[in-house]
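Scroll down for the structure; my scribbles are underneath it.
The values are calculated or read from the model by the stated rules, or taken from the named source; none is laboratory data. Here the structure is a predicted model, which is why all the values come from computation and not from measurement. Cβ sites come from the backbone with ideal geometry, for glycine too, and all protein chains shown count toward neighbours.
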Amino acid sequence: MNKETEIDMKEVELNELDPEKQPMTDDGPAAGGEKNGSVKLKVPEDEVTFTGLSKEELMKVAGTQGWVRTRWVLLILFWLGWVGMLAGAIVIIVQAPRCKPIPEMNWWNEGPLYQISDLDAFNDGIKGVKEKLDDLNQLKVKGLVLGPFHVLQEDQPVALKLEEIDPEKGTKEDLVAMMEKAHKKGISVVLDLTPNYLGSAPWFSADHDDIVEKVRAAAEHWLNLGVDGIKISDFTVASNSQHWSKLLAAVQGNRTEEDTKRKALVGVVEGLAAAEVSQLVNTTGVDLLLSDVLSSKTDGVERIRAIDALHSQQRSVGWSLGAAKHDHLSKLAATSGLIHLYQLLLFTMPGTPVFTYGDEIGLAAAQGTNSTKMFWDVEKEPSKEDAVDEAAEAVRKERVALRKWFKSLSDLRGKERSLLHGDYYPLHSSASSLSFLRLWDQSDRYITAMNWGAAPETLTLKLTSEDGVKLPEEAKVRMSTDETLVVDSTISLDKVTVAPGQAVLLQFPYTG
């Protein structure tokens with residue numbers, strides 16, 4: 001058998017073994033000699049496919065009277081709908097209330113200022129402040145007021161060196177490093193250049209003009225180093241000097257319209273009436289003036305009058321209950337409840353709240369001193385393995401609650417336009433209580449009500465407004481120290497009863 005025959009035989013064997021080529025039944029081969037698995041389709045020879053109307057047919061249909069009318073109806077409906085939507089949009093725009101323009105705001109208007117007069121309280125001077133910037137940032141602090149810490153011998157003007165840092169507090173390099181970190185967190189830094197801060201008279205008993213000139217030169221030095229502002233106490237002395245305009249120009253003179261961040265000149269006055277503070281703001285050009293008006297007046301009626309006199313200048317007015325004298329808030333507020341109350345007052349008043357370090361936890365000065373060490377990590381609970389000092393633990397929990405309250409208020413003020421730069425309306429005042437309204441354009445409105453007296457007091461809220469502002473019948477409790485005024489509950493504004501030593505912040509929406 002030759003090779004070709006062998007190949008043919010193998011193909012036959014493979015075909016016989018291939019199941020696909022075997023018949024599907026035993027009836028023999030498929031009809032017509034078709035192989036198993038093959039299907040033949042018969043396509044009709046006369047199948048008709050739709051090709052649409054021809055051009056001539058379309059033209060003939062388009063010209064019919066019915067189709068012409070249909071096209072006109074559809075065209076008219078289209079344009080009527082378009083004009084209707086345009087008219088509706090115009091009506092909505094015209095009738096919608098216009099948004100009130102946001103007033104010019106500077107960094108010292110955007111949040112609280114935190115005053116650190118005693119750098120020893122931070123354990124390592126300027127370096128210690130740098131280490132705690134993360135904690136301060138949590139409080140939404142917008143500015144640090146540091147010092148004074150320049151070189152000085154009390155009551156000795158010849159030894160005054162405003163451009164040198166007390167070596168015990170740190171170095172210029174420490175200050176620059178601290179400022180760089182603070183600026184990254186959006187915190188500005190102000191230096192207190194009160195000349196004779198250790199002596200009996202802030203500006204010495206020497207020639208005030210000469211001292212003011214030295215402060216001017218020092219201000220230029222520190223501002224060129226990156227400081228964001230200068231603070232001076234006993235502001236009336238400086239503003240009455242013949243060199244005042246030069247000091248003002250040293251801080252404000254280089255401002256341009258392109259500046260995104262302005263340098264600030266901060267002044268402090270004590271013992272002046274609200275009207276006198278207002279006059280200084282108007283006549284001196286100071287950026288922010290801090291007074292002791294609020295702490296020197298303990299009567300609610302007098303406090304409301306002071307706010308009335310200064311609320312229109314809120315972007316140039318700072319409020320405190322101790323910071324003007326480097327005192328802690330706890331010196332005026334003897335209980336935790338009153339500290340809560342005054343924190344609420346400062347954060348909701350029209351102006352910049354200014355605090356002394358430790359006010360967020362109710363820190364009190366040590367016995368017989370004007371300052372004390374700052375406490376950190378108050379939220380760290382004691383180890384379960386150690387014996388717990390119940391008295392110390394109670395103090396720690398109280399500090400935790402105060403700090404949480406402070407953070408909530410600071411955060412709320414930074415978010416709500418009514419509290420940040422809103423209008424002010426007095427609602428109530430008595431010897432031991434007061435209430436006022438803050439509102440801005442179409443934002444939520446807020447009512448502050450507080451009673452620092454020894455007995456419950458019912459506040460009758462009355463609004464006298466010539467611009468159509470009205471109080472609703474009810475408001476929601478947003479924040480409260482009074483257990484009877486539960487947060488998120490709704491209360492009637494007809495009469496608001498506040499327990500002794502308590503405060504409440506109420507909220508209601510803009511209704512148009």
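Please go through region 198-241 and give me each residue that is assigned to a loop (DSSP other than H, G, I, E, B) and more than 21 Å from Asp287 (Cβ to Cβ), ordered by number.
Initial filter on region 198-241 (assigned to a loop (DSSP other than H, G, I, E, B)): 198-207, 225-228, 233-234, 240-241.
Result: Leu198, Gly199, Ser200, Ala201, Phe204, Ser205, Ala206, Asp207.
So that you can scan it fast, the table gives a plain yes or no per residue for (1) buried (at least 17 other Cβ atoms within 10 Å of the Cβ); (2) closer than 24 Å to Gly300 by Cα; (3) out of contact with any strand residue (DSSP E or B) (no Cβ under 7 Å at 6 or more places or on another chain); (4) outside the structural domain of Val190 (by TED's automatic domain parsing):
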{"position": "Ile361", "(1), (2), (3), (4)": "yes, no, yes, no"}
{"position": "Asp386", "(1), (2), (3), (4)": "no, no, yes, no"}
{"position": "Arg403", "(1), (2), (3), (4)": "yes, no, yes, no"}
{"position": "Ser443", "(1), (2), (3), (4)": "yes, no, yes, yes"}
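Quick one: in region 281-304, of everything that is in a helix (DSSP H, G or I) and under 28 Å from the mean Cα position of the chain (by Cα), which residue is farthest from Leu345 (Cα to Cα)? Ranking the qualifying residues of region 281-304, first place goes to Asn282.
One line per residue, one yes/no per condition, for (1) under 15 Å from Trp108 (Cα atoms); (2) at pLDDT below 95; (3) not assigned by TED's automatic domain parsing to the domain that holds Lys325:
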site: Ser239; (1), (2), (3): no, no, no
site: Gly267; (1), (2), (3): yes, no, no
site: Glu270; (1), (2), (3): no, no, no
site: Ala275; (1), (2), (3): no, no, no
site: Ser278; (1), (2), (3): no, no, no
site: Leu288; (1), (2), (3): yes, no, no
site: Ser296; (1), (2), (3): no, yes, no
site: Arg303; (1), (2), (3): no, no, no
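The residues on offer are Leu152, Leu162, Leu146, Leu133, and the sole one that is touching a His at 6+ places or on another chain (Cβ under 7 Å), hydrophobic (A, V, I, L, M, F, W, C) and either closer than 20 Å to Trp108 by Cβ or crowded, with 20+ Cβ neighbours inside 10 Å (or both) is Leu162.
For residues in region 494-512 being at pLDDT 95 or above and in a loop (DSSP other than H, G, I, E, B), which is surrounded by the fewest Cβ atoms within 10 Å (Cβ to Cβ)? Only one residue tops the list, namely Pro509. The set of residues in region 284-323 being surrounded by fewer than 17 Cβ atoms within 10 Å (Cβ to Cβ), touching a residue at least 24 places away in the same chain (Cβ under 8 Å) and of a type outside the set (Gly, Ala, Ser) consists of Asp299, Val301, Asp308, Gln313.
Residues of region 174-195 that are more than 18 Å from Trp222 (Cα to Cα) and either buried (at least 22 other Cβ atoms within 10 Å of the Cβ) or free of Cβ contacts under 8 Å to residues at least 24 places away in the same chain (or both): Lys184 alone.
Here Lys380 fulfils each of the conditions (1) more than 24 Å from the chain's Cα centre (by Cα); (2) within 24 Å of Val293 (Cα to Cα) apart from (2). Take the conditions (1) surrounded by 10 or more Cβ atoms within 10 Å (Cβ to Cβ); (2) in contact (Cβ under 8 Å) with a residue 24 or more places away in the chain; (3) not polar (S, T, N, Q); Cys99 misses just one of them, which is (1). Residues considered: Arg396, Arg403, Arg417. Of these, the only one that is under 30 Å from Glu104 (Cβ atoms) and not polar (S, T, N, Q) is Arg417.
Just checking, which of Thr348, Thr335, Thr372, Thr352 is hydroxyl-bearing (Ser, Thr, Tyr) and farther than 29 Å from Leu265 by Cα?
Working: Thr348 fails: farther than 29 Å from Leu265 by Cα; Thr372 fails: farther than 29 Å from Leu265 by Cα; Thr352 fails: farther than 29 Å from Leu265 by Cα.
On inspection, the qualifying residue turns out to be Thr335.
In the set Ser435, Ser429, only one residue is among the hydroxyl-bearing types (Ser, Thr, Tyr), over 26 Å from the mean Cα position of the chain (by Cα) and either assigned to a loop (DSSP other than H, G, I, E, B) or surrounded by 16 or more Cβ atoms within 10 Å (Cβ to Cβ) (or both); that residue is Ser429.
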